[in-house]
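Peer 1: Please see the structure below; I have some questions.
The values are calculated or read from the model by the stated rules, or taken from the named source; none is laboratory data. Note that the structure is predicted; figures quoted are calculated from it, not measured. Here the Cβ is made from the backbone with ideal geometry for all residues, glycine too, and neighbour counts use every protein chain on show.
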Amino acid sequence: MALKTLRFLSLFLSALLAGMLFCHLLELPNKMKLSATTWLTVQQVLYNAFGPVSSVIEPLAIISTGSLLFMLRGRRPAFALTLVALLCLLVHLASWFIVVNPVNSEVNSWTPATMPARWIAARDRWEYGHAAGAVIALAALGALIAAVLSDSDGRS
């Protein structure tokens, strides 16, 4: 029962994270066309809930996937696929801290009147950082799904 519970939590939380990031990926082409003030408004108004929600979801996804990995030791290939998923989640978190978060901190202090001339570089870093994060999170989710499928006996 503990294995099923951890699998559920790991898959569910990773799916929520991947879904949030996939939204950013889908929005990217149209957000790249926004004017400076419209882009800033979107950043400061539309995404208010993303930080608080993902700051809970992502650590829990990492913890549940790490716990799942421990329970799957000796069960190949499920162990290896879960390890890939955990590494992807950790890489995503590191990339968010390195690439995206510095832009968040900067953009939160801007107003339409104080937007720097280099705002496009910040926008590109934020948008492409999230696009890369979406790919990484989707890879984690795919690895977790593959792990579950690889560990089934094929009778159900």
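Peer 1: Here is a check on your reading of the model: is Ala131 modelled with pLDDT of 95 or more and touching an Asp or Glu at 6+ places or on another chain (Cβ under 6 Å)?
Peer 2: In short, no.
Peer 1: Go through (1) surrounded by 12 or more Cβ atoms within 10 Å (Cβ to Cβ); (2) at pLDDT 95 or above; (3) more than 16 Å from Tyr47 (Cα to Cα) one by one and return the number of the condition Trp126 breaks.
Peer 2: (3)
Peer 1: Quick one: which residue in Ser95, Ser105 is under 22 Å from Ala49 (Cβ atoms) and at pLDDT below 95?
Peer 2: Ser105
Peer 1: Can you report the number of residues in segment 25-55 which are part of a loop (DSSP other than H, G, I, E, B) and modelled with pLDDT of 95 or more? Show your work before the answer.
Peer 2: Taking segment 25-55 and keeping what is part of a loop (DSSP other than H, G, I, E, B), we get 32-35, 47-49.
Now restrict to residues that are modelled with pLDDT of 95 or more: 32-35.
Result for segment 25-55: 4.
Peer 1: Could you please find all residues in segment 45-65 being surrounded by fewer than 17 Cβ atoms within 10 Å (Cβ to Cβ), over 14 Å from the mean Cα position of the chain (by Cα) and small (Gly, Ala, Ser)?
Peer 2: Ala49
Peer 1: In addition: Taking the options Glu27, Glu58, name whichever one is free of Cβ contacts under 8 Å to residues at least 60 places away in the same chain, within 14 Å of Trp126 (Cα to Cα) and among the acidic types (Asp, Glu).
Peer 2: When all the criteria are applied, what remains is Glu27.
Peer 1: Give me a count of the residues in segment 1-24 that are of a type outside the set (Phe, Trp, Tyr), closer than 27 Å to Phe79 by Cβ and either without any contact (Cβ under 8 Å) to a residue 24 or more places away in the chain or not in a helix (DSSP H, G or I) (or both).
Peer 2: Number of matching residues: 4.
Peer 1: Failed condition for Glu27, given (1) touching a Leu at 6+ places or on another chain (Cβ under 7 Å); (2) over 27 Å from Met1 (Cβ atoms); (3) of a type in the set (Asp, Glu), with all others met?
Peer 2: Unmet for Glu27, out of (1) touching a Leu at 6+ places or on another chain (Cβ under 7 Å); (2) over 27 Å from Met1 (Cβ atoms); (3) of a type in the set (Asp, Glu): (1).
Peer 1: In addition: Check segment 8-22 and report whether any residue there is touching a Gly at 6+ places or on another chain (Cβ under 7 Å) and of a type outside the set (D, E, K, R).
Peer 2: Yes.
Peer 1: Let me ask another. Between Leu141, Leu93, which is touching a residue at least 60 places away in the same chain (Cβ under 8 Å), in a helix (DSSP H, G or I), under 30 Å from Gly74 (Cα atoms) and within 18 Å of the chain's Cα centre (by Cα)? Even if it seems obvious, please write down each step before you answer.
Peer 2: On the way: Leu93 fails: touching a residue at least 60 places away in the same chain (Cβ under 8 Å).
Criteria check complete, one pass: Leu141.
Peer 1: Something else: Answer with yes or no whether Ser55 is farther than 26 Å from Trp39 by Cα and polar (S, T, N, Q).
Peer 2: Numbers: farther than 26 Å from Trp39 by Cα: no; polar (S, T, N, Q): yes.
Taking the combined requirement at face value, the residue does not satisfy it.
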